[in-house]
Amino acid sequence: IGETQDILDPIGTIRIQGCGQIFKLFPVQNGLLVHCANGIWFITGSQGIGFLANDYAVTKVSGVECTNTTSFVNVQGWPMFWNDEGIYFVQPEQSGSLSVQNICIGTIWQYFREIPLASKKYARGDYDPINFIVQWCFRSTNESTVTNRYEYDRILALNLHNKAFYPYSITGTPKIHGICYIQSPGGSTAPEPVFKYVTSY
């Protein structure tokens, strides 16, 4: 992994100095958030109206590191994600700049600290926009094999309306391997939108 990664464009290249490995590209408003091993960068046009390979501005938003791609959740157009030290939410401020807040501070910081680092790297999440609930599934103990790395026995939920976290524990079978929020196309006989869990038995 070099100290610089390039984002390729059909007509050129955008160079981000010192970013390290790029984990996630997240489009927001008139630009692109780039989540990297060495922090978070924002790419937009020099006039603030989108960018081209020959007309762009690259700004470092934060030094918060990214360690995985699966924990990212799109919350009303803004990213929420895990790394080793917390759960971060990127949001705009009234000044027009972007803030990166660790939402574990003052809430579940001690609980989050006790989750193994390897489990944080493979957590998976999704968002229910109707009830304003985010859920992540993860493993509470260190993996012993590559197979059980993806056998999750905990679910952490966040209610964005009242800012409350609440955990679930899962024991026995079936084994949970992932989570996805499913919303039907509509109709009188359509099922209700709900979280679905990828499982094996």
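Residue-wise test of (1) within 26 Å of VAL90 (Cα to Cα); (2) over 19 Å from the mean Cα position of the chain (by Cα); (3) crowded, with 16+ Cβ neighbours inside 10 Å.
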| site | (1), (2), (3) |
| --- | --- |
| TYR127 | yes, no, yes |
| VAL134 | yes, no, yes |
| SER144 | no, yes, no |
| ILE155 | yes, no, yes |
| ASN159 | yes, no, no |
| THR173 | no, yes, no |
| TYR181 | yes, no, yes |
Would you confirm whether or not region 22-36 contains a residue that is free of Cβ contacts under 8 Å to residues at least 12 places away in the same chain, open to solvent by 20 Å² or more (accessible area, probe 1.4 Å) and over 17 Å from LYS120 (Cβ atoms)?
yes
Limited to region 38-66, what total is found for residues that are open to solvent by 30 Å² or more (accessible area, probe 1.4 Å) and not acidic (Asp, Glu)?
16
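Considering THR69, THR141, THR107, which residue is under 15 Å from TYR166 (Cα atoms) and in a loop (DSSP other than H, G, I, E, B)?
Details: THR69 fails: under 15 Å from TYR166 (Cα atoms); THR141 fails: under 15 Å from TYR166 (Cα atoms).
When all the criteria are applied, what remains is THR107.
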Looking for something more than 18 Å from ILE155 (Cα to Cα), in contact (Cβ under 8 Å) with a residue 60 or more places away in the chain and open to solvent by 20 Å² or more (accessible area, probe 1.4 Å) - is there at least one such residue anywhere in region 99-106?
yes
Does region 87-97 include one or more residues that are open to solvent by less than 80 Å² (accessible area, probe 1.4 Å), assigned to a loop (DSSP other than H, G, I, E, B) and among the charged types (D, E, K, R)?
no
Kindly list the number of the only condition in (1) modelled with pLDDT under 95; (2) surrounded by 15 or more Cβ atoms within 10 Å (Cβ to Cβ); (3) part of a strand (DSSP E or B); (4) within 18 Å of the chain's Cα centre (by Cα) that fails for ILE14.
(4)
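Per-residue answers, yes or no, for (1) more than 24 Å from ARG15 (Cβ to Cβ); (2) aromatic (Phe, Trp, Tyr):
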site	(1), (2)
THR59	no, no
MET80	yes, no
PRO92	yes, no
PHE112	yes, yes
PRO129	yes, no
Just for region 17-38: of the residues that are over 14 Å from the mean Cα position of the chain (by Cα) and in a strand (DSSP E or B), which one is farthest from PRO92 (Cα to Cα)?
GLN17
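The values are calculated or read from the model by the stated rules, or taken from the named source; none is laboratory data. What you see is a predicted model; the values in this text were computed from it and never measured. Note that we place each Cβ from the backbone using ideal geometry, even for glycine, and neighbour counts take in every protein chain shown. Ligands, DNA and RNA are excluded from the accessible area calculation, which covers all protein heavy atoms including side chains. Shrake-Rupley method; radii C 1.70, N 1.55, O 1.52, S 1.80 Å.
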